[in-house]
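This report concerns only the one structure given below.
The values are calculated or read from the model by the stated rules, or taken from the named source; none is laboratory data. For clarity, every value in this text was computed on a predicted model and none was experimentally measured. Here the Cβ positions follow ideal geometry from the backbone for every residue, glycine too, while neighbour counts run over all protein chains shown. Note: accessible area is taken over every heavy atom of the protein model, side chains too, but ligands, DNA and RNA are not part of it. Shrake-Rupley method; radii C 1.70, N 1.55, O 1.52, S 1.80 Å.
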Amino acid sequence: MTKPFIIAGPCAAETRDQVLLTARLLARLGVSVFRAGVWKPRTEPGAFEGVGNNALDWLREAQQETGMSAATEVATPEHVRAALLHNITTLWMGARTTTNPFLVQQIADTLQAEIAAGHVTTSQLLILIKNPVSPDLRLWKGAIERIRRAGVTRIMAVHRGFQTGQPTSYRNAPVWSVPFALKLQFPDIPLILDPSHLTGKASLVPDLSAQAMSLGYTGLMIEVHPDPAHAMSDNQQQLSPDELTALLAGLTTRQESTDSGLSGLRQQLDETDDTLFFLLLRRMQISRQIGVFKREHNLPVLQEKRYAEVLSRRLAWARENNLDEDAVRRIMDAIHEESCRWQL
Ligand code: PEP
Ligand code: MN
C-alpha cells in the first residue's frame, strides 16, 4: 500500500530552535516535506506576520540536517526569489494568493524566469497550490494552469476548505464537490488535504485526515508545533509532535482499486440514480405548473413561509431516519433553488 505523502511543520517559523527542534522530530516520523511559514498573510494588521528572510536560513539548515525538503508560502516575486536563493524549492501558494490571478501570474512568471536563468531545475521545484478562499473551481484550475504553463512539472493541489458564508462546524467548509471536480479534470495532480486550516481545531484533525485517506487523497498537510498553545499563529489548530505521531500511526491508506467486484452494487446505484432523476424531473415539471399559476395570479415565486415548512418537515424526516440534517438541508436547498428557476 502506498504511504501518504506527509507535509508537516509549524504554521510559522518563530525561532531557529523551534524550527530545528520540530524538524528533527518530524524527520523521524517519515514526514516528506517540512512546512513553515516565513511570511504570514494575516487578516488583520498587527498580528504576527512572520519572521521574514532570516527564517529562510533556519529552513535551509533544517533541510540540510534532516534530508526533508523545507517548504514555505510565497505570495510575491520577491518571496519566490528569496526562497530559491536559500535553496528552498518546495513552495506553496496560499488560499488568498490563489484567489488573485494577478499575483498567481507574477509568481508563475518569476518561476519561469528562475528556471530559464538556471537558478532552479524543474525536478527540484515542487509547487503546492492551495484552493482559493471561495469555492470557485475555475480560480483553482486557473492557478494550476498558470503555474503549469510556466514550465513547472511537479504540482500538487492542497484542499484547505472554503469560506462560503454558511454556518459550518469547521473554520472553513470542505465543499468536497470542488476538489472532487478538480481531481476529475486534473487526474495527474495529487490532491493533498490540509485538515489544520480546514477544521481550525486540533481535536478535529485526526478524523478528517482519516476521511481524506478513505477518499483516496494522496497526502496531508498538517500544522505541528512543539508547544501549540503558545504558537504565535493558529494556536488552536496545531498538533504537538506526539499528537502527529498518534495520528500517523492510526492512518490506513487505500490502494487504487481493482474494482470489478463492485459491478453489481454499481448497477444498483446507477438504476437508483435513474429513478431519482426521473422523480426530480417530475418534481420540476410540477414546479413549472405552479409557476404558471403564480404568474396568472400575480403571486411571487419565492414564498419563504411555505419553503420553511417544506424544509422543516424534511429535516424532521431526516432526524427520524438518522440522516445528517446538514446534508439533507443542502440537498433540499439545491432542489428548491432549481425549482424556483423552473417557476420563472
Ligand atoms: C498556511 O498554510 O499557513 C496558510 C496561511 O494557509 P491558507 O493559505 O490555507 O490559509
Ligand atoms: Mn496556519
field: Residue selected from region 214-231 under the condition part of a helix (DSSP H, G or I) and under 19 Å from Val175 (Cβ atoms), by the criterion nearest to ligand 1 (Cβ to nearest atom)
entry: Leu215
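One line per residue, one yes/no per condition, for (1) of a type in the set (Phe, Trp, Tyr); (2) more than 15 Å from ligand 2 (Cβ to nearest atom); (3) touching a residue at least 24 places away in the same chain (Cβ under 8 Å); (4) not in a loop (DSSP other than H, G, I, E, B):
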| residue | (1), (2), (3), (4) |
| --- | --- |
| Ser196 | no, no, yes, yes |
| Asp207 | no, yes, no, yes |
| Ala210 | no, yes, yes, yes |
| Leu247 | no, yes, yes, yes |
| Thr258 | no, yes, no, no |
| Glu271 | no, yes, no, yes |
| Ile290 | no, yes, yes, yes |
Residues that are hydrophobic (A, V, I, L, M, F, W, C) and more than 16 Å from ligand 2 (Cβ to nearest atom), drawn from region 213-245: Met213, Leu215
message: From the list Gly118, Gly94, Gly142, Gly67, exactly one residue is among the small types (Gly, Ala, Ser), farther than 18 Å from Gly37 by Cα and within 20 Å of the chain's Cα centre (by Cα). Which is it?
response: Gly142
message: With the structure loaded, tell me whether Val133 is among the aliphatic types (A, V, I, L, M), assigned to a loop (DSSP other than H, G, I, E, B) and modelled with pLDDT of 95 or more or whether it fails that test.
response: yes
message: Would you confirm, using the coordinates I've provided, whether Arg96 is within 11 Å of ligand 1 (Cβ to nearest atom) and open to solvent by 50 Å² or more (accessible area, probe 1.4 Å)?
response: yes
statement: Going through region 65-93 in order, the residues found to be acidic (Asp, Glu) and either surrounded by fewer than 19 Cβ atoms within 10 Å (Cβ to Cβ) or more than 16 Å from ligand 1 (Cβ to nearest atom) (or both) are Glu65, Glu78
statement: Expected single match for of a type in the set (Ser, Thr, Tyr), modelled with pLDDT under 95 and at negative phi among Ser240, Ser260, Ser287 is Ser260
field: Condition broken by Arg306, with the remaining ones in (1) in contact (Cβ under 8 Å) with a residue 24 or more places away in the chain; (2) open to solvent by 90 Å² or more (accessible area, probe 1.4 Å) satisfied
entry: (1)
- line: Going through region 232-245 in order, the residues found to be part of a loop (DSSP other than H, G, I, E, B) and touching a helix residue (DSSP H, G or I) at 6+ places or on another chain (Cβ under 9 Å) are Asp234, Asn235, Gln236, Gln237, Gln238, Ser240
statement: Condition set part of a loop (DSSP other than H, G, I, E, B) and touching a Pro at 6+ places or on another chain (Cβ under 8 Å), scope region 11-48, selection nearest to ligand 2 (Cβ to nearest atom): answer is Ala36
message: Please go through region 180-197 and give me each residue that is away from ligand 1 (no atom under 13 Å from the Cβ) and either closer than 23 Å to Gly9 by Cα or of a type in the set (S, T, N, Q) (or both), ordered by number.
response: Gln185, Ile189, Pro190, Leu191
query: Any residue at all in region 244-252 that is assigned by TED's automatic domain parsing to the domain that holds Ser169 and farther than 16 Å from Val31 by Cα?
result: no
Qualifying residue in region 103-115 (condition: surrounded by 15 or more Cβ atoms within 10 Å (Cβ to Cβ) and within 19 Å of the chain's Cα centre (by Cα)): yes
- prompt: Which of the following residues is open to solvent by less than 60 Å² (accessible area, probe 1.4 Å) and either under 20 Å from Val33 (Cβ atoms) or in contact (Cβ under 8 Å) with a residue 40 or more places away in the chain (or both): Gly219, Gly200?
  reply: Gly219
- request: Working only within region 9-43, note down all residues that are more than 17 Å from Leu248 (Cα to Cα), open to solvent by 40 Å² or more (accessible area, probe 1.4 Å) and not charged (D, E, K, R).
  value: Thr15, Leu21, Trp39, Pro41, Thr43
- line: Note on region 71-127: residues assigned to a loop (DSSP other than H, G, I, E, B) and not polar (S, T, N, Q) are Val74, Ala75, His86, Ile88, Gly94, Ala117, Gly118, His119, Val120, Leu125
